[in-house]
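Data first, discussion second: the structure below is written as structure tokens.
The values are calculated or read from the model by the stated rules, or taken from the named source; none is laboratory data. Note that the structure is predicted; figures quoted are calculated from it, not measured. With ideal geometry, Cβ positions are generated from the backbone for all residues, glycine too; neighbour counts draw on all protein chains shown. Areas reflect the complete protein model, heavy atoms only, side chains present, ligands, DNA and RNA absent. Shrake-Rupley method; radii C 1.70, N 1.55, O 1.52, S 1.80 Å.
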Amino acid sequence: MKSERSGERSRARGQGVPPLLATLAALEVPDALRELAASERGLSAEEAGRRRAQWGPNRIAHERREPLALQVLRRLANPLNLLLLVLASISVAMGDRRAAFIILVMVILSLTLATVQERRSSRAAERLRAMVHTMAAVIRAPAPAAAEIPIEELVPGDIVHLSAGDMVPGDLRLIVAKDLFVNQASLTGESLPVEKHAAAGDGAAAGIAGMTNICFMGTTVVSGSATGVIALTGRHAWFGGLAESIAGERVPTSFDRGINRFAWLMFRFILVMAPLVFLINGLTKGDWVQALLFATAVAVGLTPEMLPMIVTVNLAKGAIAMSRAKVVVKRLSAIQNFGAMDVLCTDKTGTLTQDRVILQMALDLDGGDSREVLEYAYLNSYYQSGLKNLLDVAVLQHEEARSLEPAARAWRKFDEVPFDFERRRMSVAVEGGGRRLLVCKGAVEEVFAVSSHGRAGGRSFALDDSHLAALRRSVDELNADGFRVIAVAVKALPADQAACGLSDESDLMLVGYIAFLDPPKESAARAIAALERHGVAVKVLTGDNEAVTRKICRQVGLAAERIVSGAELEGLTDAGMAALLEEAQVFARVSPMQKAAVITGLQRNGHVVGFLGDGINDGAALKAADVGISVDSAVDIAKESADLILLEKSLLVLDDGVMEGRKVFGNVVKYIRMGASSNFGNMFSVIGASAWLPFLPMAPVQVLTNNLLYDFSQTAIPTDAVDAEYLARPRRWEIGNIGRFMVAIGPISSLFDYGTYATMYFLFGARTPARAALFQTGWFVESIISQTLIIHVIRTGRLAFIESRASVPLMLTSLGVCAVGATLPYSPFAGALGFVPLPPLYWPILAAMVLAYLALTHIMKVWFHRRFGLD
């Protein structure tokens, strides 16, 4: 075993079958157990501890924290930072070490803020993630029965039980399997589940897809049940090796793509502006060295170097805010998708309803209370080992459970036919008192379909369509009152029958039905109302029937006049589906794949779709959605597929999450609008001044100092509030609108730059190279003060400073930067930076120009928002 283990890690990067698994697949069960030094009684706690120390915890690559050094290097490799480092190298090569130092300070500032905030959010997420455990049913000697333990504690040789909804916790060799079907799509790409059994096979001959007695880590049980022995765990497992090779890779979201489009827009500006500025200044002034340094400084000024920091800090801040509401954010960019979401699809049971179902009544076919029906239902739930659900828990926790258990223990289970979502029923085969019996429970229609007789009031009778109609009426009345109804049937088996299969679910005796109350969560109605107020339409996708769904929907405030059934969805054209999805709000009796199809259809209609679910039948929908949301009590596959996990039962946190996502997006857009419009305006200002003046309009070191101070003023944007009207509806990337804003607002800054040029040139006589320092100082001060204060106008659709005030940190950084900019010409650094004192008359003129700039920008902004909206 040990020698074969040594090759597992290198094998994980190849395509071959793991040697140990190939060996186990070819062995009979007793020999496979001996190979792993295991037994069906399970490992002792001491032996499990020793093996855990040897093989490590059962975790895979994506769960390991990235070391600080690697995190810093990853951020440093961002294209924007690399561009700045290239520009710093050019400055050093040209002998301008001051410029290189300032550029490095910018990079360090961005790196430090982003890294600190991301690590802070990661620690908060880890603390919450520790509260979310994926469990496995494990036998540990000397305990006679399986117990639930976190999968991280599993070791090779552990004996585990699997049932529908479980995620396979490690690569394992099956010991016993009953109607076991496993979804291996995550490894093989197969869309259909694969049947597994315990018999010895051909080892590696058929490849991974054909190893029918091996279950692989990361796959999920669709139906059936099994017991297996763990062979490989963590990074040694096949899935663990794959995860290690692709850790960190993910598909870019619309948010990522929008950020990248803006960054490339700025790069194109730089590619045009820097050479143009270089040529204009070189040709007009004859000093090509200074022209190159100035062009380099302009390129730095056009680079949105704080963008990665702004994005990371905003997302991390949102994650921390959500962690306080007990929400685990598994994927940081999901926060922004949450804010862009305009449709939330949700399962009903366990999400809109409480995670505690109550068994209210057990009735015979005449509608009377029946102890017999209750006993049969209890017997089925007591012995079933397949899909664990709230209905079985409710049966086993019924008030008469104490008196029912002794009778159930008098029987012995010898087989079962596990639940699946096609049959929608399950059966156990038991023996006792000289009899063998099949006890079946499931959806009413499906159980009736395999029943030939009924029993009520001590009499038996053949079932016909009239009985089905009467049963439907009774069930509909209960459904209308919010009850979920499950039918119960039995069948006598031959005394010598040793096993059961699907074919035994026929010719059953229908004895009655049990009714459950599944009340809605207290917070559901308020949460749905809040989401709808904020522009998020809520749609229900459930496998339950129309009547129960309508009752629950009305209780939580959802319109349910039009309910679409799964049967209606079958065979619809894309056009028909698109129209129906916009009209309907509730979809009942839908299969797991139909849930995913509804979400995909809504996405094709242009919606950003979230899905809230907690069951095995929700896995495909959670993966298809833009934002997958689950709860801590969900089955393994639901929690693994989700982007966000709610630790609290209140659904109000959903609306809080939507607001956090919109705040993140709003603050990122503030920076982008500011940067785009400022750079667009600077393009006209720099080119015009370069062509007109006999000297540089601003020294390279002054341009860099201006940019550094401005960058510092922007670091507080993530702390800023966002106007209520901006948060009122979903927001998504509108790159065209950002471009229009840039064109509308950018030239205004150039207008006042030219006003400053005229003031310095004509009023104060800064016309010659000898007076260049005065001109440069005047433009520097006007530029830093105006572009620092203008963020307060751009950040809101309202009247700045009066109707909407920035956060205290943003106010303080803005005032601080303005103060530094105004005092630099009188400071000890003035000489090194090339500044000179400004005439007293400059200051009132500056004040008037800044006020006029803010006022004109506000007027243009109001017009723009009325014409194009807030996006």
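Summary table below
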{"quantity": "Members of region 134-152 that are farther than 17 Å from LYS639 by Cβ and surrounded by 17 or more Cβ atoms within 10 Å (Cβ to Cβ)", "calculated": "VAL138, ILE139, ARG140, ALA146"}
{"quantity": "Residue match in region 392-410 (condition: within 30 Å of THR220 (Cα to Cα), open to solvent by less than 70 Å² (accessible area, probe 1.4 Å) and assigned to a strand (DSSP E or B))", "calculated": "no"}
{"quantity": "Condition check for ASP656: in a loop (DSSP other than H, G, I, E, B) and within 23 Å of LEU531 (Cβ to Cβ)", "calculated": "no"}
{"quantity": "Complete set of residues in region 330-384 that are among the β-branched types (Val, Ile, Thr), in contact with a Leu (Cβ under 6 Å, 6 or more places away or on another chain) and buried (at least 19 other Cβ atoms within 10 Å of the Cβ)", "calculated": "ILE335, VAL343, THR346, THR351, VAL357"}
{"quantity": "Residue in region 715-726 that is part of a helix (DSSP H, G or I) and without any contact (Cβ under 8 Å) to a residue 40 or more places away in the chain present", "calculated": "yes"}
{"quantity": "Of all residues in region 166-197 being outside any strand (DSSP E or B) and at pLDDT 85 or above, the one that is surrounded by the fewest Cβ atoms within 10 Å (Cβ to Cβ)", "calculated": "HIS197"}
{"quantity": "All helices (runs of 4 or more DSSP H) inside region 766-871 with 3 or more residues being modelled with pLDDT of 95 or more and open to solvent by less than 30 Å² (accessible area, probe 1.4 Å)", "calculated": "772-789, 808-823, 842-868"}
{"quantity": "Cβ pairs under 8 Å, 6+ apart, first in region 275-293 and free of Cβ contacts under 8 Å to residues at least 12 places away in the same chain, second open to solvent by 50 Å² or more (accessible area, probe 1.4 Å) and part of a helix (DSSP H, G or I)", "calculated": "GLY282/TRP288; GLY282/LEU292"}
{"quantity": "The one condition in (1) within 27 Å of PRO809 (Cβ to Cβ); (2) open to solvent by 10 Å² or more (accessible area, probe 1.4 Å) that LEU696 fails to fulfil", "calculated": "(1)"}
{"quantity": "Qualifying positions in region 540-569 - within 26 Å of GLY606 (Cβ to Cβ) and without any contact (Cβ under 8 Å) to a residue 24 or more places away in the chain", "calculated": "GLU561, GLU568"}
{"quantity": "Filtered residues of region 113-157 (kept if in a loop (DSSP other than H, G, I, E, B), within 30 Å of the chain's Cα centre (by Cα) and at pLDDT 70 or above)", "calculated": "THR134, LEU154, VAL155"}
{"quantity": "Subset of region 424-438 [β-branched (Val, Ile, Thr) and either touching a Cys at 6+ places or on another chain (Cβ under 8 Å) or under 13 Å from GLY501 (Cα atoms) (or both)]", "calculated": "VAL428"}
{"quantity": "Selection count where residues are open to solvent by less than 30 Å² (accessible area, probe 1.4 Å) and touching a Gly at 6+ places or on another chain (Cβ under 8 Å), scope region 482-510", "calculated": "4"}
{"quantity": "Every residue from region 458-479 that is among the hydrophobic types (A, V, I, L, M, F, W, C), in a helix (DSSP H, G or I) and surrounded by fewer than 13 Cβ atoms within 10 Å (Cβ to Cβ)", "calculated": "ALA469"}
{"quantity": "Counted residues, region 405-439 - those being within 39 Å of the chain's Cα centre (by Cα) and not aliphatic (A, V, I, L, M)", "calculated": "10"}
{"quantity": "Of residues in region 511-523 being farther than 16 Å from ALA443 by Cβ and assigned to a loop (DSSP other than H, G, I, E, B), the one most open to solvent (accessible area, probe 1.4 Å)", "calculated": "GLU522"}
{"quantity": "Among (1) farther than 30 Å from MET341 by Cβ; (2) not in a loop (DSSP other than H, G, I, E, B) - the single one VAL664 does not satisfy", "calculated": "(1)"}
{"quantity": "Helices (runs of 4 or more DSSP H) lying entirely in region 554-618 (those with 3 or more residues that are among the small types (Gly, Ala, Ser) and surrounded by 19 or more Cβ atoms within 10 Å (Cβ to Cβ))", "calculated": "592-604"}
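Here is a yes/no grid of residues against (1) among the acidic types (Asp, Glu); (2) within 21 Å of ILE259 (Cβ to Cβ); (3) open to solvent by less than 10 Å² (accessible area, probe 1.4 Å):
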{"residue": "ASP656", "(1), (2), (3)": "yes, no, no"}
{"residue": "LYS670", "(1), (2), (3)": "no, yes, no"}
{"residue": "MET674", "(1), (2), (3)": "no, yes, yes"}
{"residue": "GLY681", "(1), (2), (3)": "no, no, yes"}
{"residue": "PRO718", "(1), (2), (3)": "no, yes, yes"}
{"residue": "ALA724", "(1), (2), (3)": "no, no, no"}
